[in-house]
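The values are calculated or read from the model by the stated rules, or taken from the named source; none is laboratory data. Source: prediction; values computed, not measured. Cβ: placed from backbone, ideal geometry, glycine included. Neighbour counts: every protein chain shown.
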Amino acid sequence: MSNWSWSTFSDAFPVVLEGLGITLGLTIACYLFALIFGFIWTLIRRMPIKVIRLPLLWVMEFIRSTPPLVQLFFIFYAWPMVPVVGMALDPFVSAVIGLGIHYSTYIGEVYRSGIDAVDNGQWEAARALNYGTSKKWTKIILPQALPPTIPMLGNYLIIMFKEVPLASTIGVLGILAMANDYGAQHWRYLEPLTIVAILFLVLSYPSAILINKLERKMNKRFDKKEPTGSKAV
Amino acid sequence: MSEPIVRYNDVHKSFGDVQVLKGIDLDIQPAEKVAVIGPSGSGKTTIIRMLMTLEQPTSGSIIVDGKNLWHMEKDGDLVPANEKHLRQVRGDIGMVFQHFNLFPHMTILENCMTAPIHVQKKDKESAKKDSIEMLEKVGLGDKLDDYPAMLSGGQKQRVAMARALVMHPKIMLFDEVTSALDPELVGEVLEVIRDIANEGEMAMVLVTHEMEFARDIADRILFLDNGVIAEEGPPMDVLENSTNERLQSFLHRFRT
């Protein structure tokens, strides 16, 4: 059993930190992908044509109920072998697509909950003022629907940050893989993996506090919301 | 008599199996003030909601200023109206709601300015000027930068009226606009409606439970009962001289 060594700690730190850069980059890329793709799911949900909506919702349900690891493996290893549409993808791109699509299904639900929470009276007021569809969404509905979802969206950012090490299984070497490699090379795992834990904590915990604060601020704002329309009985 | 600005032709409305309106025929003249009274569930709110295109009639037609509201012509046939057609026809109609429905993320001034800018495509400066003028008229010139959550119910309803008026509609609909207010705040809202009515040029349809007020400002009162217009006429005839038993018992509950 090897004891704690500060010299190993300082030796491993830059290596692990390099991995952190990749992990953060991947987190942000996946998150942006999921934020945008989430909107597409929300639009699909609102489509009036059943024949298109239902199969796509089924696909969404399927994506949500399969593990992200399986999806990553499929995109990276199996997709290139699919006839016609299949192609080989770079590990980083595969990870962005795989994790991005997986989380977009959850983020689409977050958007939907925000939109559903907008009082029916607001839609009616927009109609009574003769708003067209696009202005109704950009000026009336979304400015009310999105702010309350910010805390939930922030939570998904943290969850995603903790999940991206999955991508090391297809070769995107982030913080955990770098630490693991260092351990294998020097036969010392304690220090590099401790650094990993500390770095995750240092990033996740303040983010969680920040999101909590945001949440309280949003709640305060919407506490004061006037009781409007039919739901306010 | 001049051409009516609104005409209902045998309008029916059902929600599921429940028939709410069973054949409404009604002409409203330009600048006419019509009050609609009746027991709850009689369909009085539904009448104006169909005119604002918030509910679609099950059958019959509504003509606004000579144009069919819920139908449009296509290759010589009448087909259900699309959103574009609805927008064209309902542009002259404004509405004030029971629960105000102000936009909580905008200040009072922004609430009034938003539709003139984004719907009527007015320039920002003139929309702002009109809005301030209108808010001063309803007595809220000192609240321009407040948010709706900071106002009393009566103040909110006055903002809602300014927001509708700044669009300069030819027809204004009032859906039980004092029902959600504390009793001591009802007066200030009725006062504003009275001012608007006295200006005279707009047609107004008020769904209300304020009998005295209806008598004061309406040219005509409709008593709606069981999905039909059971009685109509000048306020005095309807409120004092009617022999309709249902109307008598309805009014009796308000006199006690």
task = Would you check if there is a residue in the stretch B:162-181 being in contact with a Ser or Thr (Cβ under 9 Å, 6 or more places away or on another chain), under 18 Å from B:Ala214 (Cβ atoms) and small (Gly, Ala, Ser)?
result = yes
remark   = Exactly one of B:Ala35, B:Ala31 is aliphatic (A, V, I, L, M), surrounded by fewer than 19 Cβ atoms within 10 Å (Cβ to Cβ) and under 21 Å from B:Val238 (Cα atoms), and that one is B:Ala31
message = Residues that are under 19 Å from the mean Cα position of the chain (by Cα) and within 14 Å of chain B (Cβ to nearest Cβ): does the stretch A:173-183 have at least one?
response = no
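Any residue at all in the stretch A:46-54 that's free of Cβ contacts under 8 Å to residues at least 60 places away in the same chain, more than 14 Å from chain B (Cβ to nearest Cβ) and closer than 30 Å to B:Met106 by Cβ?
Yes.
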ask   = Within the stretch A:118-138, which residues are more than 7 Å from chain B (Cβ to nearest Cβ) and of a type in the set (Phe, Trp, Tyr)?
value = A:Trp123, A:Trp137
key: Pick from the stretch B:90-99, criterion in contact with an Asp or Glu (Cβ under 8 Å, 6 or more places away or on another chain) and among the hydrophobic types (A, V, I, L, M, F, W, C), ranking: nearest to the other protein chains (Cβ to nearest Cβ)   = B:Met95
key: Sole residue being part of a helix (DSSP H, G or I), buried (at least 18 other Cβ atoms within 10 Å of the Cβ) and modelled with pLDDT under 90, chosen from A:Ala78, A:Ala177   = A:Ala177
ask   = Going by the conditions given, is B:Lys74 within 26 Å of A:Ser134 (Cβ to Cβ) and more than 14 Å from every other protein chain (Cβ to nearest Cβ)?
value = yes
ask   = Restricted to the stretch A:1-51, and to residues that are over 30 Å from A:Ser94 (Cβ atoms) and of a type in the set (Ser, Thr, Tyr), which residue is surrounded by the most Cβ atoms within 10 Å (Cβ to Cβ)?
value = A:Thr8
note = For the stretch B:128-161 the number of residues that are surrounded by 14 or more Cβ atoms within 10 Å (Cβ to Cβ), in contact (Cβ under 8 Å) with a residue 24 or more places away in the chain and over 23 Å from the mean Cα position of the chain (by Cα) is 5
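Being under 26 Å from B:Ile193 (Cα atoms) and either more than 20 Å from the chain's Cα centre (by Cα) or within 13 Å of chain A (Cβ to nearest Cβ) (or both) is the requirement here; does B:Met50 meet it?
yes
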ask   = Under the condition of being within 19 Å of A:Asp119 (Cα to Cα) and part of a loop (DSSP other than H, G, I, E, B), which residue from the stretch B:100-146 is farthest from the other protein chains (Cβ to nearest Cβ)?
value = B:Thr107
query = When you go through (1) facing another protein chain (nearest Cβ under 10 Å); (2) buried (at least 22 other Cβ atoms within 10 Å of the Cβ); (3) without any contact (Cβ under 8 Å) to a residue 60 or more places away in the chain; (4) not β-branched (Val, Ile, Thr) one by one for B:Glu83, which number turns out not to apply?
reply = (2)
